[in-house]
1. When LEU87 is evaluated against the numbered criteria (1) under 19 Å from the mean Cα position of the chain (by Cα); (2) surrounded by fewer than 18 Cβ atoms within 10 Å (Cβ to Cβ), which criterion, by number, is the only one it fails?
2. With respect to LEU23, is the statement that it is buried (at least 18 other Cβ atoms within 10 Å of the Cβ), at pLDDT below 90 and more than 18 Å from GLY316 (Cβ to Cβ) true?
3. Residues of the stretch 173-189 being in a strand (DSSP E or B) and surrounded by 14 or more Cβ atoms within 10 Å (Cβ to Cβ), which ones?
4. Taking ALA300, is it over 19 Å from ALA255 (Cα atoms), exposed (fewer than 14 other Cβ atoms within 10 Å of the Cβ) and at pLDDT 75 or above?
5. List pairs: first residue in the stretch 95-111 and not assigned by TED's automatic domain parsing to the domain that holds GLY197, second residue at pLDDT below 90 anywhere in the structure, Cβ distance under 8 angstrom, at least six positions apart or on different chains.
6. Which residues, counting only those in the stretch 262-277, are assigned to a strand (DSSP E or B), more than 22 Å from the chain's Cα centre (by Cα) and over 15 Å from ALA313 (Cα atoms)?
7. Filter the stretch 186-221 down to residues that are more than 20 Å from ASP73 (Cβ to Cβ) and among the small types (Gly, Ala, Ser), then give me how many there are.
Amino acid sequence: MAAAGLFLATVAAPLAWAQVDGLVAYYPFDGDMLDYSGNGNHPASAGAVLIADRLGRAASALGTVDGYLEVPDAASLRLASAFTVTLWLRPDEIRDAFSCFVGKDYSTAFALGIDSGGSDVCPAPEAERKLVLKVGKVRGTFAAGPRCDCGTGQWVHLAVTFDDPSDTAVLYVNGSLAATVAHTGHLQVSSTALGIGRDGRYSDRYYGGIDELRLYNRVLSAAEIQAVFAGAAVAPPVGTPATFAWMVPAVAHTAGLVGTSWVTDAVLHNPGTMPTAANPYLLRAGQANGGAVGRRVEIAAGSSRRFADIVAAEFGQTATSGALWVTAEQTLLVSSRTFNNRPDGTFGQLTRGVPAGEALAEGEEGRLVQLAFSPDPARGFRTNIATSAPAPGRADAAG
């Protein structure tokens, strides 16, 4: 094969995604404040707004400086014996003795937040703040280092698990185990609303940013926590609610050999008569790929959404190659064009999304796309980019 058009991608299979078993609420805050767990736990806003997220993407995180969210009580939110909370967090200021990120009446259920070490009138300095999990009036404090790794103005990823039968609470900071503590609180079924940016019952406000908030009714493993932190998408299982799924086997925003610069444009077309939501996921290349990065987009009836340089523009990834996985609630036409983004570069040919059921089997090979490389495209030669699945959970793409 010609080396001039080479880029290499080792693609992680969808099994790298975080488990969705037990997910009762998921708020990505990408352009809206809806629940994407499939349980319909949509909140009402009391002054909260969408702000830029940690990657600088507008309207892609929740800002609670001027308000909070309230999620009506539902059976799926009545946690009985265990739970996990994961979220990205950026405290902007600490005004109260207890700043609650998310809670459902900590006198009976739970609340997670920062204890300032002071009072509502006079909060203590950052160095004295502690991350606190309150369960059934019992306060459990995590000793997670200075500023509890929650310094003002800094994004941090937190995950907390609680298991009532074993009286154990575990804290993960940026995907790594930070503390394990004995916690003697006991969950009681609560019909109180779930608060985001405050407790569901008490007015313990949190002022700052929240993103990618997930609530599970079970304890996640350390590997699952790491996958969530690394950007693993919560992929809805094919059938509910995302009935359809497609794979584009090779996408990129990366440098190749001989000065090439590979970029992928993608198009999602909705041929139906009703608008639909679509979920594109980037399955990043490499053995330590960290799972998938996901987005959610809306596509009007009979319309197309074009994503120029989708890997960088939509997923915030550079020097990256991999595969594109798309799920949707109705039929889409999925296509892409990967090309050498230089004046003397190649013209990428159309690569259509392959329905999930037609993905490569182990040991199978297939041609993805042909590229012509020459300052004069009419006289250029071609290089085939091929893919293979040499082992379960892995696919190689090379040209």
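The values are calculated or read from the model by the stated rules, or taken from the named source; none is laboratory data. Every value quoted in this text rests on a predicted model; they were computed, and no experiment measured them. Using ideal geometry, Cβ is built from the backbone for each residue, glycine included, and neighbour counts are taken over all protein chains shown.
1. (2)
2. On the way: buried (at least 18 other Cβ atoms within 10 Å of the Cβ): yes; at pLDDT below 90: yes; more than 18 Å from GLY316 (Cβ to Cβ): yes.
The answer is yes for LEU23.
3. Restricting attention to the stretch 173-189, the residues satisfying the condition of being in a strand (DSSP E or B) are 173, 176-182.
The answer is VAL173, ALA178, ALA179, VAL181.
4. Working: over 19 Å from ALA255 (Cα atoms): yes; exposed (fewer than 14 other Cβ atoms within 10 Å of the Cβ): yes; at pLDDT 75 or above: yes.
Against the criterion (over 19 Å from ALA255 (Cα atoms), exposed (fewer than 14 other Cβ atoms within 10 Å of the Cβ) and at pLDDT 75 or above), ALA300 qualifies.
5. Pairs found: none.
6. Within the stretch 262-277, just HIS269 meets the criteria.
7. Of the residues in the stretch 186-221, 3 are more than 20 Å from ASP73 (Cβ to Cβ) and among the small types (Gly, Ala, Ser).
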